[in-house]
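Below: one structure, written as structure tokens.
The values are calculated or read from the model by the stated rules, or taken from the named source; none is laboratory data. Treat the numbers as computed from the prediction; the structure is a model and nothing was measured. Methodologically, a virtual Cβ is constructed for each residue, glycine included, from the backbone with ideal geometry; neighbour enumeration extends over all protein chains shown. The area values use the complete protein model at the heavy-atom level, side chains included, leaving out ligands, DNA and RNA. Shrake-Rupley method; radii C 1.70, N 1.55, O 1.52, S 1.80 Å.
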Amino acid sequence: MNLPELAAFLRSRRDRIRPADVGLPVGPRRRVPGLRREEVAQLAGLSADYYTELERGRGAQPSSQTLLALARALRLGGDQRDHLFHLADRPLPESVLGASARHVQPALLGLLDRLATTPAQVITDLHETLVQNELAAALVGRAPEPRGPATGFAFRWFTDPAARAVYPSEDHPHHSRAFVADLQAVAARRGRDSEVAKMTAALRRRSAEFADLWDAHDVGLRRTDHKRIVHRALGVIELDCHTLFSEDGRQRLLWFTSPPGTEGAAQLELLGVIGTQDMAAPATSTGRTPAPAPRGR
């Protein structure tokens with residue numbers, strides 16, 4: 001824990017908040033432009049003495065709950081909140097990580113909107129589909145609801161035989177190895193993360209195949225892959241799957257292509273004509289799809 005830097009950061013943020021920003025009266029006898037220490041303490045639900053010790057770098061050890069309260073009181077943005085936790089040597093709470101992981105990052109969403117002629121979707125690092133365009137829904141099926149790690153394709157791959165119908169059976173061993181190696185890399189990057197720990201423990205209980213592959217300790221993020229996807233109207237479509245990672249690694253934009261002049265390219269064009277005509281749920285006006293009737297990815 002970097003107590004001097006933590007203290008300096010808190011002081012700098014306090015100086016930038018005006019009383020009117022947080023609904024406090026300015027008053028005629030205020031000697032500082034920002035908030036007083038006791039005002040920050042009041043807003044965060046802390047004692048003034050405890051907060052003063054924090055700002056003086058005197059050895060107070062703030063909990064995660066205290067840090068979240070300070071982040072709210074000081075109106076910190078996401079990066080500033082994360083920096084506060086870093087200075088205090090505390091991991092971000094799962095409630096924060098889970099919420100941010102499932103809020104589609106604007107940069108990826110902007111790119112997805114520009115891929116109207118290419119199957120594309122945004123997933124989490126645990127392979128939970130967050131949003132997809134029409135062509136992705138037509139290619140691999142709509143993402144399931146309600147959302148959560150257990151609805152992710154990697155989890156369903158090892159627990160629901162129907163999820164595997166999206167790939168030819170002879171390709172299943174390759175995809176099993178790739179999913180587990182990817183999850184190993186995610187688990188290592190996340191460190192002490194209860195969401196990953198719960199997911200892998202559940203998969204070890206429910207799938208002997210997963211347990212054997214997990215114990216092999218192969219590691220490798222799934223950055224790009226050549227896939228054969230089984231489509232009920234077009235047959236097997238050979239495609240390249242590309243991946244763009246968000247800066248924090250917790251989200252990925254996937255898009256599917258095939259070289260011009262190939263059968264896969266022709267099938268993609270036909271997929272654009274067929275679209276989701278035989279699928280139950282309609283697309284939204286934005287071209288992104290809602291999420292009943294899962295198949296896979």
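Within segment 64-90, the set of residues being under 18 Å from Ser47 (Cβ atoms) and at pLDDT below 85 is empty. Of the listed requirements (1) modelled with pLDDT of 90 or more; (2) not in a helix (DSSP H, G or I), Leu270 misses just one: (2). Among the residues of segment 149-170, those identified as under 20 Å from the mean Cα position of the chain (by Cα), without any contact (Cβ under 8 Å) to a residue 60 or more places away in the chain and open to solvent by 10 Å² or more (accessible area, probe 1.4 Å) are Pro149, Ala150, Phe155.
So, of the residues in segment 6-26 that are part of a helix (DSSP H, G or I) and modelled with pLDDT under 80, which turns out to be most open to solvent (accessible area, probe 1.4 Å)?
Residue satisfying both the conditions and the ranking: Asp21.
In segment 71-82, the residues that are open to solvent by 40 Å² or more (accessible area, probe 1.4 Å) never reach a residue that is of a type in the set (Phe, Trp, Tyr) and not in a loop (DSSP other than H, G, I, E, B) with C-beta atoms less than 7 angstrom apart, at least six apart or across chains. Exactly one residue out of Ala178, Ala165 is under 20 Å from Phe245 (Cα atoms) and part of a helix (DSSP H, G or I): that is Ala178. All conditions in (1) touching a strand residue (DSSP E or B) at 6+ places or on another chain (Cβ under 6 Å); (2) open to solvent by less than 20 Å² (accessible area, probe 1.4 Å) hold for Glu55, with the sole exception of (1). If the condition is being in a loop (DSSP other than H, G, I, E, B), over 20 Å from Ala181 (Cβ atoms) and open to solvent by 60 Å² or more (accessible area, probe 1.4 Å), then segment 223-251 contributes Arg232, Ala233, Glu247, Asp248. Looking at the structure I just gave you, is Arg189 closer than 23 Å to Leu239 by Cβ and charged (D, E, K, R)? So Arg189 fails the test. Taking the criterion of being open to solvent by 20 Å² or more (accessible area, probe 1.4 Å), more than 19 Å from the chain's Cα centre (by Cα) and either closer than 23 Å to Pro93 by Cβ or among the β-branched types (Val, Ile, Thr) (or both), the only residue of segment 178-211 that qualifies is Ala201.
Scanning segment 48-63 for residues that are charged (D, E, K, R) and modelled with pLDDT of 85 or more, we see that the one that is farthest from Arg11 (Cα to Cα) is Asp49.
Of all the numbered requirements in (1) open to solvent by 10 Å² or more (accessible area, probe 1.4 Å); (2) modelled with pLDDT under 95; (3) over 28 Å from Ile237 (Cα atoms), Leu130 misses one, and that requirement is (3).
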